[in-house]
Amino acid sequence: VSYDGSCGKRQRLLVVANRLPVSAKRTGENTWSLEMSPGGLVSGLLGVADEFETKWVGWPGVDVYDAAEKNALSKSLAEMKCIPVFLEEVFDQYYNGYCNGVLWPILHHMGLPQEDHNDTNKTLQTQYDAYKKANRMFLDVIIENYEEGDLVWIHDYHLMFLPQYLKEHNNKIKIGWFLHSPFPSSEVFKTLPSRSELLRSVLAADLLGFHTYDFASHFERTCTRILGVEGTHEGIVDHGKATRVAVFPIGIDPNRFIKACALPEVRQQMTELKERFAGKKVILGVDRLDMIKGIPQKFLGFEKFLEENMDWRDKVVLVQIAVPTRNNVPEYRKVKTQVHGLVGRINGRFGSVSSLPIHHLDCSVDFNFLCALYAIADVMLVTSLRDGMNLVSYEFIACQEAKKGVLVLSEFAGAAQSLGAGAILVNPWDVTEVSSAIKEALNMPLEEREKRHRVNFQYVKTHSAKKWGNDFISELHTFSESEMKSKKI
Ligand code: F6P
């Protein structure tokens, strides 16, 4: 990655994602307080911050209808290099409907939802139309802010039409698109009515990135089978247009977690937690309350473990942080009810007046407290049914330098391909296997735990979000279609 050379001006990078990396709160009439949220994308761009002048384009996460309010918010956001896309009129059908009710389950191998033909506002067609409209609203904002030579990096399944819309507007714009979720087998993607349009549109980009080799090859095979295009491990050629497809596994900012664990406040919280759970081993779960995270499967595995291991019943506790998410999508409400039912049943069966086997919290927790929880846990239990990467596993490892706890990880999380060497891998659908993995993790000798932790800690340290962002942007920056074609892929 290098400077563009002209008058010392830095090359610009437009990062486009459904959600801006800020949380906005109204503090009065036309006044807002804004806070940057240090998630994966923000960390990912740390590595290119010196070389590129980055601007963010996305939905600000709040409903704003009034023009004066929009204006005030846009001005405040501009100070944080953020440009808002106001989606109010299409938001429900676009975000709750097509993005999270249709694409999300398909991408995670869960199939299409049953269509409700009684409600004309909620048909697949109306949601699809809203999705396209929202993508056009993003396009309009990008066109207004684009300067010649800008690189455009589009993120995720919310914006699959944007590469094509942008190229139709200006074929010279260099565009990268990264999918943060898995890409499914062609047999699953084939069921989507608009499958060809979505694939063709994504192929309009220059560089497509996926977390794992499996997701990238599912994508290539899906393109070959549905569109009949040529594909190899280098990329895809469609009607003479070459698109590079490559693997970029995301990571975290490990130092943020390592440093937090050394803070006096966090050490105090660790002491309190250890006292609270004295005499017990702590199994930890941290997930968004999403059906893909397999929280019911986790509880069923834990229930089986308690059933079969009477001697462990008073000596272990499962702390589950279930962060509320996408509450307006019916499937998310269903999984919440199911999870609550299981917590009640298991605590009813195995609890006593003084102790409960599951501590379930429907909320997010403060960053420092989260680090304290990661640091004192003996076992981290991740049972995703399918997951893009699962950075919670990385965060746990970053906080475990002292304890050397054990990661039990679903083989269906992208992270299984990077942390598989140090983790105990499980099929989350197999309750017996989950139960045995819990037992193995709780009984694992220190020497073995140290060995496994070392491998994973080294990986988490070196494969950071910063490296991920740097690798993707370097490849996009230097990408040349003619060079790729000359390789005769
Ligand atoms: O993994 C996909 C993803 O969209 C992430 O980019 C994001 O952090 C997470 O899901 C939560 O998404 P939402 O914006 O819907 O809360």
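Read-outs throughout are calculated quantities, based only on the coordinates presented, and are distinct from any laboratory measurement. Since we're looking at a predicted model, the values are computed, not measured. Here the Cβ is made from the backbone with ideal geometry for all residues, glycine too, and neighbour counts use every protein chain on show.
Quick look at the values:
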| item | result |
| --- | --- |
| Phi to ³J(HN,Hα) by Karplus 6.51 cos²θ - 1.76 cosθ + 1.60 over the stretch 217-227, Hz, x for Gly, Pro | 6, 4, 4, 5, 5, 5, 5, 5, 6, 8, 9 |
| The chain - mean residue ellipticity at 222 nm from DSSP helices (-39,500 (n - 2.57) per run, n ≥ 4, rounded to 500) | -13000 deg cm²/dmol |
| Highest average packing first - 466-476, 49-59, Cβ atoms within 10 Å | 466-476, 49-59 |
| Computed E for Thr232/Lys81 - FRET, C-beta separation, R0 41 angstrom, nearest 0.05 | 0.60 |
| Rg over Rh [alpha-carbon atoms, Kirkwood Rh] for the chain | 0.97 |
| Förster-model FRET efficiency, 30 Å R0, Arg276 and Gln338, C-beta, rounded to 0.05 | 0.60 |
| Sparsely packed GluC sites (Glu not before Pro) within the stretch 142-193, loop by DSSP, other Cβ within 10 Å at most 14 | Glu147, Glu148 |
| Relative contact order %, the stretch 392-489, counting alpha carbon pairs below 8 Å whose residues are six or more apart | 29 |
| Segment Asn443-Asn309, extension gain: residue separation times 0.36 nm, minus the distance between their alpha carbons | 47.0 nm |
| Three-way shape label, the stretch 95-160, alpha-carbon gyration tensor, a/c 1.5 | oblate |
| Between the stretch 353-396 and the stretch 246-297, the alpha-carbon center distance in angstrom | 5 |
| In the stretch 360-409, the chymotrypsin sites (Phe, Trp or Tyr not before Pro) that fall in loop regions by DSSP, at most 10 other Cβ within 10 Å | none |
| Per-selection Rg to Rh, the stretch 364-489 - Cα, Kirkwood hydrodynamic radius | 1.10 |
| Exceeding the 24 Å Cα-Cα cut-off - candidates Lys259/Lys404; Lys281/Lys336; Lys75/Lys172; Lys55/Lys174 | Lys281/Lys336; Lys75/Lys172 |
| Relative contact order %, the stretch 161-312, counting alpha carbon pairs below 8 Å whose residues are six or more apart | 18 |
| Vicinal HN-Hα couplings computed from phi for the stretch 409-417 (Karplus, 6.51 cos²θ - 1.76 cosθ + 1.60; Hz; Gly/Pro x) | 10, 4, 5, 9, 9, x, 4, 4, 7 |
| Cα-based convex hull volume of the stretch 215-282 per residue, rounded to whole Å³ | 153 |
| Rel. contact order, % - alpha carbon contacts under 8 angstrom, at least six apart, the chain | 15 |
| Loop-located trypsin sites (Lys or Arg not before Pro) in the stretch 95-198 whose Cβ has at most 16 other Cβ within 10 Å (DSSP) | Lys172, Lys190 |
